[in-house]
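First the structure, in the form of structure tokens, and then the observations on it.
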Amino acid sequence: MIMMNVSKRKTELAAAALLAIMLVQIIYVITSTSQVLDEQFYPGVGKYTLTTGDFSPFAYRFHPPLAYYINSIFLYTDNNPVWNEKPFDMANIISVYGIDNYLFLTRLPIAVMSLVLGIFIFVWARKLYGNRAALFSLVLFCFEPTIIANSAVATTDMAAATFIFIAMYFFWKMHIARGMKNTALAGIFLGLALLSKFTALILLPVAFFMILYLFRKNRIKTIIIYFVAAFFLIWMFYGFQIATINSTVHSTGKSQEFINEAFSGSEKATINSFMNVPLPAASYFTALGYNVYHSFVGHGAYLFGQYSMHGWFYYYILAFAVKAAIPLMLLIAIFAIFSIVGKMKFSSEEKFILLAILVFFVFLSLLKLNIGLRHLLPIYPFVFVILGKLLKVKISRKNIYYAVLALLSIWVVAEALLIMPYNMSYFNEFVGPKNGYKYLSDPDVDWGQWLKYAASYEKEKNITSIYMTAPLPDALTKQYIVDYTRPSCSPKNGIYFVSVSSLILYDHFNDPSNCLQWLRDRTYQDMIGYSVLVYNVTDTSI
């Protein structure tokens, strides 16, 4: 595949085939996994908001609405009265649709969006490096386990990765083909990125200074058109809302408590005054405030045996080292070596891509809210594109070199296919998926996606009663497993299904008494989907 001289038409057919294979992988994962933790809030909330005009659901506390509108695409034509009921009740909606049908309808738009991201990766790589390189970059994208896992859930991470990448693509296009149309288009995609996840806010200073640096003429005009187009789109997505933050915050008492704790003096007075100023898209700024609060109080995280509420600056380095496929890391190493020894010269466009990788990596590392490698996903598309340059290196012994690239590509494909459908729990050979929970936790291993696996295991083993650390509220968990009891702090005889996140992470942060310590001291009997430990306790007096 790498060595072929392929025409444009054949290249596009090959790209379409790769994306089709990717879609098959994603659908397989969609239909094999249960509702994950964050999906108790996100799927369908866009449909609910467009029906009721209500931005109060919990989902809006931490993210802008774009991903919610996208995951609701296949629900918009449905006029079921359940969508008029307030407040938003996921369990009630699922009782109408059925859990599997509802998740499929709301996950599939995210899958399609991932294909759109793949198209843009292909287009940018082909523009820079040609047909073969574009297919090479696309292979790396279509067979990346973490990409597949997050493309199969109705959350916000793939929306962020997609629109941040596309926003940067159109920013560069605005630079090389200047004019009002391209500037407005770039601004629109900036707005979509900002509407996908708050991590996209790093684009604001980056774009501003890049315009100052790159644009010698019409700087002010470019800045105005670019940023006004972005903000207008944000305002439109919030229904041209004008309100105060105090009127949109879920608890004025708690917000004031946070302001009193985090700020003082003139800062505090300014913020308090700002809370009562009518703003366009006030709910956007309110949700941003929740993220500031989240960063302030921290989030429980686990890394290689360590615990922290405020994370580690090296979290993503270590997480990538054990969750990225080894062949992908080898390709990055080859790229780095060639860059250092002078085998590669970079154009301004390539430097722009490398700058995006560096800026996002530093920004995310400094945030130190370590809630999974999924937050690093916006970097991946840029990495895949720039790795296409490996096919343009002038080197002796080309046949050996291209054979190495071909073998590494095959290895990438094999890694993705062999782990399915347990992509979320993928770890490379340095650790292995069975040991992954010893190094990372939460969505890197166990996000609650295992309930279907556990139900199948229970049926296969003819188990009639279990103790289980259910990841979701009972009304949602019982869509998969009806007869279970949550384990207590006291040992009791019986079969236990214990999720690794409950055992390693949640028990540590949510229960000061470390209620499940007695289970951690035991040897588990079996493992389900690399994310649930099965214990058979027979030696207690109860």
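The values are calculated or read from the model by the stated rules, or taken from the named source; none is laboratory data. No experiment lies behind these values; they were computed from the predicted model shown. In this analysis, Cβ positions are derived from the backbone assuming ideal geometry, glycine residues included, and neighbour counts consider all displayed protein chains.
Conditions tested, residue by residue: (1) out of contact with any His (no Cβ under 8 Å at 6 or more places or on another chain); (2) closer than 15 Å to residue 533 by Cβ; (3) surrounded by fewer than 19 Cβ atoms within 10 Å (Cβ to Cβ).
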| site | (1), (2), (3) |
| --- | --- |
| 468 | yes, yes, no |
| 472 | yes, no, no |
| 479 | yes, no, no |
| 483 | yes, no, yes |
| 496 | yes, yes, no |
| 505 | yes, yes, no |
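Filter the range 426-466 down to the residues that are of a type in the set (Ser, Thr, Tyr) and exposed (fewer than 14 other Cβ atoms within 10 Å of the Cβ) and list them by number. Walk me through it before giving the result.
First, pick out the residues of the range 426-466 that are of a type in the set (Ser, Thr, Tyr): 426, 437, 439, 441, 453, 456-457, 464-465.
Residues satisfying the conditions are 464, 465.
For residue 242, state whether it is in contact with a strand residue (DSSP E or B) (Cβ under 6 Å, 6 or more places away or on another chain) and more than 23 Å from residue 42 (Cα to Cα). Can you show your working first?
Values: in contact with a strand residue (DSSP E or B) (Cβ under 6 Å, 6 or more places away or on another chain): yes; more than 23 Å from residue 42 (Cα to Cα): yes.
Yes; evaluated as a whole, the condition is true for this residue.
Of all residues in the range 163-191, which are in contact (Cβ under 8 Å) with a residue 60 or more places away in the chain and surrounded by 24 or more Cβ atoms within 10 Å (Cβ to Cβ)?
Of everything in the range 163-191, those that are in contact (Cβ under 8 Å) with a residue 60 or more places away in the chain and surrounded by 24 or more Cβ atoms within 10 Å (Cβ to Cβ) turn out to be 163, 164, 165, 168.
Confirm whether residue 281 is aliphatic (A, V, I, L, M), within 31 Å of the chain's Cα centre (by Cα) and on the phi > 0 side of the Ramachandran plot.
On the way: aliphatic (A, V, I, L, M): yes; within 31 Å of the chain's Cα centre (by Cα): yes; on the phi > 0 side of the Ramachandran plot: yes.
It is true that residue 281 is aliphatic (A, V, I, L, M), within 31 Å of the chain's Cα centre (by Cα) and on the phi > 0 side of the Ramachandran plot.
Limited to the range 365-392, what total is found for residues that are assigned to a helix (DSSP H, G or I) and over 23 Å from residue 118 (Cα atoms)?
The number of residues fulfilling the criteria is 3.
What number of residues within the range 249-289 satisfy the criterion of being modelled with pLDDT under 90, in contact with a helix residue (DSSP H, G or I) (Cβ under 6 Å, 6 or more places away or on another chain) and either exposed (fewer than 12 other Cβ atoms within 10 Å of the Cβ) or closer than 14 Å to residue 65 by Cβ (or both)?
Adding up the residues that qualify gives 0.
Could you check how many residues of the range 392-425 are closer than 12 Å to residue 139 by Cβ and surrounded by fewer than 13 Cβ atoms within 10 Å (Cβ to Cβ)?
0
Working only within the range 433-460, note down all residues that are assigned to a loop (DSSP other than H, G, I, E, B), in contact with a Phe, Trp or Tyr (Cβ under 9 Å, 6 or more places away or on another chain) and more than 19 Å from residue 307 (Cβ to Cβ).
Across the range 433-460, the qualifying residues are 449, 450.
Of 379, 371, 357, which residue is in contact with a strand residue (DSSP E or B) (Cβ under 8 Å, 6 or more places away or on another chain), within 30 Å of residue 446 (Cα to Cα) and either surrounded by 16 or more Cβ atoms within 10 Å (Cβ to Cβ) or modelled with pLDDT of 95 or more (or both)? Steps first, answer last, please.
Numbers: 379 fails: in contact with a strand residue (DSSP E or B) (Cβ under 8 Å, 6 or more places away or on another chain); 357 fails: in contact with a strand residue (DSSP E or B) (Cβ under 8 Å, 6 or more places away or on another chain).
The match here is 371.
Quick one: which of 338, 346, 382 is among the aromatic types (Phe, Trp, Tyr), touching a residue at least 60 places away in the same chain (Cβ under 8 Å), outside the structural domain of residue 137 (by TED's automatic domain parsing) and farther than 24 Å from residue 418 by Cα?
The conditions single out 382.
Which residues, counting only those in the range 302-319, are buried (at least 18 other Cβ atoms within 10 Å of the Cβ), at pLDDT 95 or above and not hydroxyl-bearing (Ser, Thr, Tyr)?
Result: 303, 319.
Counting residues that are in contact (Cβ under 8 Å) with a residue 40 or more places away in the chain and on the phi < 0 side of the Ramachandran plot, which strands (runs of 3 or more DSSP E) fully inside the range 463-529 reach at least 1?
Result: 494-499, 526-528.
Is it the case that residue 112 is of a type outside the set (Asp, Glu), surrounded by fewer than 19 Cβ atoms within 10 Å (Cβ to Cβ) and closer than 25 Å to residue 424 by Cα? Talk me through it step by step, then tell me what you get.
Working: of a type outside the set (Asp, Glu): yes; surrounded by fewer than 19 Cβ atoms within 10 Å (Cβ to Cβ): yes; closer than 25 Å to residue 424 by Cα: yes.
Yes; evaluated as a whole, the condition is true for this residue.
Residues in the range 13-71 that are among the β-branched types (Val, Ile, Thr), without any contact (Cβ under 8 Å) to a residue 40 or more places away in the chain and buried (at least 17 other Cβ atoms within 10 Å of the Cβ): how many?
Number satisfying all stated conditions: 2.
Of the numbered conditions (1) surrounded by 20 or more Cβ atoms within 10 Å (Cβ to Cβ); (2) in contact with a Leu (Cβ under 8 Å, 6 or more places away or on another chain); (3) aromatic (Phe, Trp, Tyr), residue 74 fails exactly one; give the number of that condition.
Only one criterion in (1) surrounded by 20 or more Cβ atoms within 10 Å (Cβ to Cβ); (2) in contact with a Leu (Cβ under 8 Å, 6 or more places away or on another chain); (3) aromatic (Phe, Trp, Tyr) is unmet by residue 74, namely (1).
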